[in-house]
Structure formats: C-alpha cells, structure tokens
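Contents: one structure, followed by commentary.
The values are calculated or read from the model by the stated rules, or taken from the named source; none is laboratory data. What you are looking at is a predicted structure, and each value in this text was computed from that prediction instead of being measured. Every residue, glycine as well, gets a Cβ built from its backbone with ideal geometry; the counts of neighbours run over all protein chains shown. With ligands, DNA and RNA removed, areas are computed over all heavy atoms of the protein, side chains included. Shrake-Rupley method; radii C 1.70, N 1.55, O 1.52, S 1.80 Å.
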Amino acid sequence: MPDTLFDKIIRREIPADIVYEDDDVLAFRDIAPQAPVHVLFVPKKSLATLNDAAPQDAELLGKLLLAAAAYAKREGFAEKGYRCLINCNADGGQTVFHLHLHLLAGTRLRERLD
Ligand code: AMP
C-alpha cells in the first residue's frame, strides 16, 4: 500500500496534535475540524479503506471504536453524545487512503454532514 500522510504522522515524520496512543491505534486532532471536537483514530497497521479489512482485522476495528469511546468518556462528553464515522472511497468522501475513524463531538450535530 502506498505511504500516506497518516503513515508519516504515525512515524512522527510530520507533526500532529496527538491525543491518544497505544500499540495498535494513534489518535490526533483533525487539521480542519468539522465540530468543536474532531479527532481521527487511525490503526497503525496500514489498511487503505474499510473494504481492505479482513476477518483477522476484526479485533483491530473493535479497538478503534473502543479507543474512541474511552476518549469520549475521558474527555467528559460521552454522556452528552458524539458521532463516529468512517468514510470509504470517493462516494463516501474519503480523501486519505489510510483507514481512519472520525470522532465528532462538542455540539448538537446535524443529521447529515453533506
Ligand atoms: P477523510 O475525508 O475521511 O479521508 O478524512 C481525512 C481527514 O484528514 C480530513 O478530515 C482532513 O481534514 C484530515 N487531515 C488531512 N491532513 C491532516 C493532517 N496533517 N493532520 C490532521 N488531519 C488531517
């Protein structure tokens, strides 16, 4: 898979506002936030899109969701609520082809983002 911007952030070759890290997941603030809280949860393993995830990636995908929920609880907005989403390919609005989960919070989000 070609190297992406997010691979460079994972390797600390370009800066990012990192808010969480474990062995499998890195999370950092989106550079162009669409909500008061907008954090990207990225698996350190390179998968281009959700389409490229295989059954053996089920645990990793679960870890992404659990990391996002733990962050929401830690930051104190879990009860008020938040949104997690994954864009896939062109019609989904994906622009960086390293699988990532958007966590949006801090306001009453609209039903649709488009
Ligand atoms: P997507 O459109 O789902 O592929 O999301 C890619 C996201 O990456 C967008 O919300 C961008 O604003 C964000 N982004 C692009 N470059 C950076 C960067 N250097 N640091 C943090 N977020 C970025």
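List of remarks:
- Residues being closer than 15 Å to residue 69 by Cα, without any contact (Cβ under 8 Å) to a residue 40 or more places away in the chain and more than 8 Å from the ligand (Cβ to nearest atom) - total across the stretch 14-34: 2
- Candidates 48, 27, 69, 32: the one that is at pLDDT 95 or above and either among the basic types (Lys, Arg) or in a helix (DSSP H, G or I) (or both) is 69.
- Unmet requirement for residue 3, which otherwise passes all of (1) modelled with pLDDT under 95; (2) within 20 Å of residue 83 (Cα to Cα): (2)
- Among the residues listed as 90, 69, the single one being free of Cβ contacts under 8 Å to residues at least 24 places away in the same chain and within 12 Å of the ligand (Cβ to nearest atom): 90
- In the stretch 3-53, the residues that are within 14 Å of residue 94 (Cβ to Cβ) and open to solvent by 50 Å² or more (accessible area, probe 1.4 Å): 5, 50, 51, 52
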